[in-house]
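Since the structure comes first, as structure tokens, the remarks are kept for the end.
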Amino acid sequence: MFKKDFPIFKNKDIVYLDSASSTQKPAVMIEALRDFYENTYSNVHRGTCSLAACATERYEQARKTVADLINMRAANIVFTKGATESLNLIAAGLAQHLTPGDEILISVAEHHANFVPWQQIALKTGAVFNVFDVREDGSYDTDDFARKLNAKTKIVALSHMSNVLGVVNPLTHLIDMAHAVHAVVVVDCAQSIAHMPVDARALNADFLVFSGHKLYGPTGIGILAGTDEMLDALPPYQFGGDMVRSVRIKETDFAAPPVKFEAGTPPFAEAIALSESITYVRQIGFDKIMAREHALMNQLLNRTIELPNVHILAPNPNKESLVAMTFGDIHPTDIAALIARQGICVRVGHHCAMPIHERFKTPVSLRVSLGIYNNADDIERFCNALEKALRFFKG
Ligand code: PMP
């Protein structure tokens, strides 16, 4: 139904089931980017000509579009180059407030982008790096969370939805518990943002991050949303042009957030293009997106569990838009190689989440993930190809 909006699907042979890694791009976004570069391009902020004014206005309007998507104010939205940079920015800033003996608490299911920065600042500052478990069905083990949260916990980093387990974690209660011990809460929405409404204000996290390229936007653009209080307290991550109010030989006065965190020429063309993607997604509406993706997930899970040797990682009927699987003694890479020959794009590996693979006792998995362009035929083609590949290896 929506495939026609995505130029890549003019090639009917492509079955794209790798949207958790990155989504395909709608024509409206590609056109907006092209139009901006062709007709109204100029750097933002300091220019005086009408092109600069127009670019600046559209960049700031894009900030507002992102803010509206997650129910925040534009002043709370920092443009970065991706979720990874957003998380590193936050970690680098918070590290300056950590002292030996402070604790950081994260889950074993985090993507490396929401794992390694915290591990590294713990090593650097002498903070204790605590990791809580997930249950067999992939949901956060809230008892383990409660056991490991304490008055020394200064940072809690969570994800709205795991990029391996596909489970959406209800976070409000955990965030309230973390706030009760005065911990700063960071939520990674890189996976959930394209599949369901995310209300940052209702979640009440201190920071929330995601990437544009997983939301039908261009690469090189990410979001860091923070509360007024947190953005004020966080030191700048990089220094340079634009992020200053005044510079003298002995001192610099930094600009107010969000500009304080946007040193140098920001990714404004990408921000403008991302706002087109957001408008496109919102025109379709998350109700419709969720209904479609739920139906496809049911089809996928019902079909695959019937197949011999298919093991779903953390089986759970409530998986949203993605599922990872293994195949007994057949290597997922071998299966993926066979089905790739039929134009089917899935991802195989640890998906930048080695700790959760270790938790489920497998080094790698094959991940199938959905976008708004997928349809029942895509699922059928994947399942048939998988069935054939399994037969090839097992006879
Ligand atoms: N968090 C999660 C849950 C992810 O799935 C990803 C991307 N796979 C990231 C963070 C990092 O996003 P990016 O590579 O766009 O910075």
To the nearest Å, what is the center-to-center distance of segment 1-35 and segment 307-356, using C-alpha atoms only? 23 Å
Within the under-15-Å Cβ sphere about Leu165, not counting Leu165, Lys/Arg +1 and Asp/Glu -1 give a net charge of -2
What's the carbon and sulfur percent of segment 93-244's accessible surface, probe 1.4 angstrom, rounded to a whole number? 55 percent
Expressed in angstrom and ordered largest first, the alpha-carbon extents of segment 27-152 along the principal axes are 57, 35, 23
Kindly provide the GluC sites (Glu not before Pro) of segment 198-282 that DSSP labels as loop, not H, G, I, E or B, and whose Cβ sees at most 13 other Cβ atoms within 10 Å. Glu251
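Express the carbon and sulfur contribution to the solvent-accessible surface of segment 245-340 as a percent, rounded to the nearest whole number, probe 1.4 angstrom. List each step's numbers first, then the result.
Working: 2310 of 4410 Å².
Summing carbon and sulfur atoms, their accessible area is 52 percent of the total for segment 245-340.
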Just name one of Ala178, Ser19, Pro197: the one whose Cα is farthest towards the positive end of the charge dipole of the chain (beta-carbon charges, Lys/Arg +1, Asp/Glu -1). Ser19
Starting from the Cα-Cα distance between Ile8 and Lys250, subtract it from 0.36 nm times their residue separation and give me the gain in nm to one decimal. 81.8 nm
Using 14 Å as the cut-off for backbone N distance, which residues of segment 258-279 belong to the label zone defined by a point 7 Å from the Cα of Glu38 along Cα→Cβ? none
Mean accessible area per residue over the chain (1.4 angstrom probe, all protein chains present, square angstrom) is 42 Å²
Counting only DSSP beta bridges with both partners in segment 147-248, the antiparallel fraction in percent, to the nearest 5, comes to 45 percent
Within the under-9-Å Cβ sphere about Val128, not counting Val128, Lys/Arg +1 and Asp/Glu -1 give a net charge of -1
Taking the convex hull of the alpha-carbon atoms of the chain and averaging its shadow over every direction gives an area in square nanometres of 20.2 nm²
In the chain, whole DSSP H helices that both stretch 24 Å or further along their axis by alpha carbon positions and average at least -1.0 on the Kyte-Doolittle scale are 50-69, 268-284, 286-305, 376-394
Please state, rounded to one decimal and in Å, the Kirkwood hydrodynamic radius that segment 243-395 gives when every pair of distinct Cα atoms enters the mean of 1/r. 18.7 Å
In nm, give the distance between the simple-model label positions of Asp228 and Ala337, each being 7 Å from the Cα along the Cα-to-Cβ direction. 5.8 nm
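The values are calculated or read from the model by the stated rules, or taken from the named source; none is laboratory data. Fair warning: this is a prediction, and the values are worked out from it, not measured in the lab. Virtual Cβ from ideal backbone geometry, glycine too; neighbours counted across all protein chains shown. Accessible surface is based on the protein model in full, side chains and every heavy atom, while ligands, DNA and RNA are left aside. Shrake-Rupley method; radii C 1.70, N 1.55, O 1.52, S 1.80 Å.
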